[in-house]
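Each reported figure results from applying straightforward, stated rules to the coordinates on display, with no laboratory input. In this text, all values refer to a predicted model and were calculated from it rather than measured experimentally. In this analysis, Cβ positions are derived from the backbone assuming ideal geometry, glycine residues included, and neighbour counts consider all displayed protein chains.
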Amino acid sequence: MTKPTKQELKEYTADADAWFSEHTPRDVGFMLPLTFMEVGTDQQFDFLRAWQRKQYEAGYLGAHWPKEYGGGGLHPKFQAVASTVMQKHNVPITLNAIGTNWAGPLLLDIGSEAHKKKYIKGILSAEDIWCQGFSEPDNGSDLGGLKLRAERDGNNYILNGSKIWTTLGAHAKYMILLARSDPDPKSKYAGMSFILTPMDAPGISTKKIKKITGEHGFTQTFFENANIPADGLVGAEGQGWRVAMQLLEYERGARAGQAGGIIMQTPDAFAIVDLARSAIRDGKPAIDDPVLRDKLVDFIIEIHAQNLNQIRAKIPGLNSEHPAGLMLMNKLVFSEQAREISQFAMTLLGENSAWYVDETNAPDGGLWARSYLNAFSATIGGGTSEIQHNILAEHVLGLPKDNIRVDA
């Protein structure tokens, strides 16, 4: 693929800027989710699905994915430009994030030709919504302890068990599923298979879960003798753990190939500055408090540092010692930072933080209260913050996996 010239990128940037200036929705009449994990109503879902399709048809989503599967066939630099312009215009989030950012890149890398032809275009257009079947009710972050069974029956698998916290499970057409296909594995990480699963198969049902925000974006998914075609197997049977770990690299930002778009909008530190100007503390604007101003500056510095690290991660000479270290770190920092900023906003609001979405007295329509409650999901999804610390310790810093006893 020919590398684009500066002039070509400049022209593409101008075209994208003009398109998003004209087409980015502003006041849609209801509160839009800040992440795909917050889509809790049919109204939000329908709007975001149409918005994703519009971006795709304009050529700004999946611009660098192969043309023969439905992508734009352009150099990855064009997609990077499009995503930057999206951020500039603060566009609504991409609905089908599990498809565009995880399942799609995985299939383009290691999926079969049939998988690519069948699934990629529907992922980009949001015609086919995807969900993820990793977490189970009794295992928490212990993915290796999963119990969902996949028993081979000729050209099919028979699934029995349950998955939980299935984002968009009630709307999804397909699930990326990890199941135990060997009932007697040599280790807890062996004997799993990674299967692309149609959600409309007989024996699959979902039950919505009400979150602390009052929304129902998650489901528990049940499998009762569900008959799934075995041609959905990705990788070798029993080698699903390896496939799942590669998928998590996309989810955590440690591997490239995503379709672009914005999957999460975090509270802007400069929006917090505006909030500090309007919030009253001891009869004065909160921003007059030197301690609060110092904290605001810390947030701005942290956000700027993270943005610089995103750029640095793309320059091999600046991170050759641990190529994936920065991106793995960013997942941890990004999710914890969103929680801390939202929590700080609640502190600024004081007693007004008790007002929630759609309540008359809620500052900014209840944005900060909802952001605070939703921020915890990012510290859990894709591996909890505690798991991320372990990953960084073991795979970046090279620390031992087990505790080492040192006798006096």
Problem - Length-normalised contact order for region 131-245 - Cα pairs under 8 Å, 6+ apart - percent - result: 30
Handout entry: Folded to 0 to 90 degrees: helix 240-251 orientation relative to the chain principal axis, Cα
Key = 20
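Computed over the Cα atoms of region 29-116, what is the ratio Rg over Rh, Rh following Kirkwood?
Numbers: Rg = 13.9 Å, Rh = 14.0 Å.
Computed over Cα atoms, the ratio is 0.99.
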Practice task
Just rank ASP289, ASP142, ASP27, ASP200, fewest to most, by other beta-carbon atoms within 10 angstrom.
Solution key: ASP27, ASP200, ASP142, ASP289
Practice task
Can you give me the P(r) profile for region 96-180? Cα pairs, bins 10 angstrom wide beginning at 0, each as a whole percent.
Solution key: 17, 41, 37, 4
Completion exercise
Taking Cα pairs closer than 8 Å and at least 6 residues apart, the relative contact order of the chain in percent is 14
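With an 8 Å cut-off on Cα pairs and a minimum separation of 6 or more residues, tell me the relative contact order of region 269-396 in percent. Don't skip to the end; give the middle numbers.
Values: 109 pairs, mean separation 27.1, N = 128.
RCO, region 269-396: 21 percent.
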Practice task
Would you mind ranking ARG312, ARG49 so that the residue whose beta carbon has the fewest other beta carbons within 10 Å leads the list?
Solution key: ARG312, ARG49
Practice task
Round to the nearest 10 and give me the degree value, 0 to 90, for the angle of helix 367-378's Cα axis relative to the longest principal axis of the chain.
Solution key: 30
Practice task
Treating cross-link reach as a plain straight distance, find the lysines whose alpha-carbon is under 18 Å from the alpha-carbon of LYS295, omitting any fewer than eight places away in the same chain.
Solution key: LYS284
Handout entry: Principal-axis tilt of helix 290-312 within the chain, Cα atoms, nearest 10 degrees
Key = 40
Completion exercise
Sorted largest first, the Cα spans of region 269-396 on the principal axes come out in Å as 52, 28, 20
Handout entry: Convex hull (Cα only) mean projected area of the chain, reported in nm² to one decimal
Key = 24.3
Handout entry: Order of TYR250, TYR56 - criterion: other Cβ atoms within 10 Å of each residue's Cβ, fewest first
Key = TYR250, TYR56
Problem - Centre separation in Å (Cα based) which lies between region 83-132 and region 220-269 - result: 11
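Jot down the per residue volume, in cubic angstrom and as a whole number, of the convex hull over the alpha-carbon atoms of region 327-391.
On the way: hull volume 5.0 nm³, N = 65.
Taking only Cα atoms, region 327-391 has a hull volume of 77 Å³ per residue.
Output the pairs from LYS207/LYS401; LYS186/LYS211; LYS54/LYS331; LYS118/LYS186; LYS117/LYS314 with a Cα-Cα distance over 32 Å in this structure; if there are none, say none.
The answer is LYS207/LYS401; LYS186/LYS211; LYS118/LYS186.
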